[in-house]
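Worksheet: the structure to be examined is printed underneath.
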Amino acid sequence: MAITELPESVETATTTTTASSIENLNSDLNHAIRRIRGSNGFEAINSSDVCGSGAGFETVNDRSKSVGESSDGGSVANDGEESKETEETTTPYKFAYRASAPAHRRIKESPLSSDAIFRQSHAGLFNLCVVVLIAVNSRLIIENLMKYGLLIRAGFWFSSKSLRDWPLLMCCLSLQLLPLTAFLVEKMAQQRRMTERAVVILHITITTAAILYPVLVILKCDFAFLSGVILMLVACIVWMKLVSYAHANHDMRQLAKCIDKVETSDVDYSYDVSFKSLAYFMVAPTLCYQLSYPRTPCIRKGWVARQFIKLITFTGLMGFIIEQYINPIVQNSQHPLKGNLLYAIERVLKLSVPNLYVWLCMFYCFFHLWLNILAELLCFGDREFYKDWWNAKTIDEYWRMWNMPVHKWMVRHIYFPCLRNGIPKGVAILIAFLVSAVFHELCIAVPCRLFKWWAFIGIMFQVPLVILTNFLQNKFQSSMVGNMMFWCFFSILGQPMCVLLYYHDVMNRKSSAR
């Protein structure tokens, strides 16, 4: 509908408003042009010079024209106001992006340069890596199925051979009698029915039995390798918990004696030996004993159910990768130290990818899913079971972030006690790695019934790697160098080589036994 005429008051007000807005617009344009020309190093010019016929642009309608009048005096269509608003909105951009406007104003680095790469978002490159990873692994899955077929059989989850492992199960259950014995020792020590020397001797006997008893059972009985590894892991956990329990209670007794000697009324230090606290500690996802822990208010049942589903899924994926990929590779390979060097490198690199997947699945299943499930069921509050170890710049950082329960235990019961007894810091670190190497060797060599010390050497080899990566980090001041060294030596080369060495040594032992 065309607008033919307006009341005089409305027409006057509208004309005044339009004239005012045009004046403001011209003022803004004039200011913008001066700024642009001034920044370019040219002499500022008036807007009237730019808006003239020489500029080739027409800014706004004549001020004398009222709303509803066209340039030739005719009436305007109902879209006249919309076109005027659009023109008034877009007019400043006609002058802001002129050909003479500067396009380069600041010093800038390329996004992938070394100075700017960590200030950019690389989400697109991450998505590309995910797509390439899926494509490459899809090809490997198809190639593996075409070459070997489906290797997963009906006995993958449960086999009748597993029934022969019942002695290991009984050994695992009977290990729980050792914490009860330790509790009785501490109770008598609290009541001062036993000397401190006798308490120490009894705790050494109990902790030694926690390791030797499973080792003897595994070496005497016929069993599956996985069952032996699980039993040794349980035995090591029980040993570390008993050491922490004895050490913490010994320290609390010493503090209680010191407080009794001082006889200060303002100090309230309670020392109690409670079976309830020990029982909670033995099942809690921690290796460091204390009288109380931070607790959560409730159990999220739905959350626990979802985590259990994830745990079953990733455990199955881990087993599938082992059966379908790792087993054929190691079975078709030679001993890495007795063959061609190039062939050994090719086997290690071929095994590194599925081995890395299994290792990451193991980390996610145990440290994230299982420990969080256990913590939720027990209302255990401190759930820092790991840190961002994948960003570790040195091997030293990796070992401090990878396994927080073990790291806290090492710091509390090995590292700082060594420092308090005057042992140098470097020697204390070496002792901590030595203890870790011994237990890694026990968890692998005992189930394999083979003591070649490959795991021990692998862990102790971390000490020169710590020195090397720390040196590189201090010299280059780059997180990339140390992080790449960590992934290369630890995941790509170290673990696959250890798997090949133990597999072929076990096969050679079985063939010689026949």
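Summing Cβ point charges (Lys, Arg +1; Asp, Glu -1) relative to the Cα centre of the range 319-385 gives a dipole of roughly 380 debye. Comparing Cα centroids, the range 184-202 and the range 228-253 end up 18 angstrom apart.
Overall form of the range 368-417: oblate. Here a/c, set by the Cα gyration tensor axes a ≥ b ≥ c, is 1.5 or more, and a/b is not larger than b/c. Oblate is the label for the range 307-421. Its Cα gyration tensor axes, ordered a ≥ b ≥ c, give a/c of at least 1.5 and b/c at or above a/b.
Under 1.5 on a/c is rounded, so check that first for the range 355-514, then, if it is not, pick prolate when a/b is larger than b/c and oblate when it is not; a ≥ b ≥ c are the square roots of the alpha carbon gyration tensor eigenvalues. In terms of gyration-tensor shape, rounded. The listed residues Trp370, Trp402, once ranked by accessible area (1.4 Å probe) with the largest placed first, stand as Trp370, Trp402.
Take the residue pairs Lys257/Lys387; Lys220/Lys310; Lys310/Lys452; Lys387/Lys475; Lys220/Lys452; Lys187/Lys257 and return only those whose Cα atoms are more than 27 Å apart.
Numbers: Lys257/Lys387 38 Å; Lys220/Lys310 36 Å; Lys310/Lys452 36 Å; Lys387/Lys475 25 Å; Lys220/Lys452 19 Å; Lys187/Lys257 16 Å.
Cα-Cα > 27 Å for Lys257/Lys387; Lys220/Lys310; Lys310/Lys452; rest within.
Give the ranking of Leu255, Leu356 by solvent-accessible surface, highest area first, calculated with a 1.4 Å probe.
Largest accessible area first, the list is Leu255, Leu356.
The separation of the range 279-323 from the range 412-450, counted between C-alpha centres, amounts to 27 Å. Take the Cα of Glu346, step 7 Å toward its Cβ, do the same at Ser100, and the gap between the two points is 7.0 nm.
Considering the zone a paramagnetic label at Leu112 would reach in this model (a point 7 Å from Cα along the Cα-to-Cβ line), which residues of the range 125-141 have amide N under 18 Å from it? The answer is 125-133.
Each listed q (0.13, 0.18 Å⁻¹) maps to a log10 I(q)/I(0) for the range 277-337, found by the Debye formula over equal Cα scatterers with no solvent: -0.68, -0.83.
The values are calculated or read from the model by the stated rules, or taken from the named source; none is laboratory data. Computed from a predicted structure; not experimentally measured. Note that each Cβ is placed from the backbone with ideal geometry, even for glycine, and that neighbours are counted across all protein chains shown. Quick note on the areas: whole protein, heavy atoms, side chains included, nothing else; ligands and nucleic acids left out. Shrake-Rupley method; radii C 1.70, N 1.55, O 1.52, S 1.80 Å.
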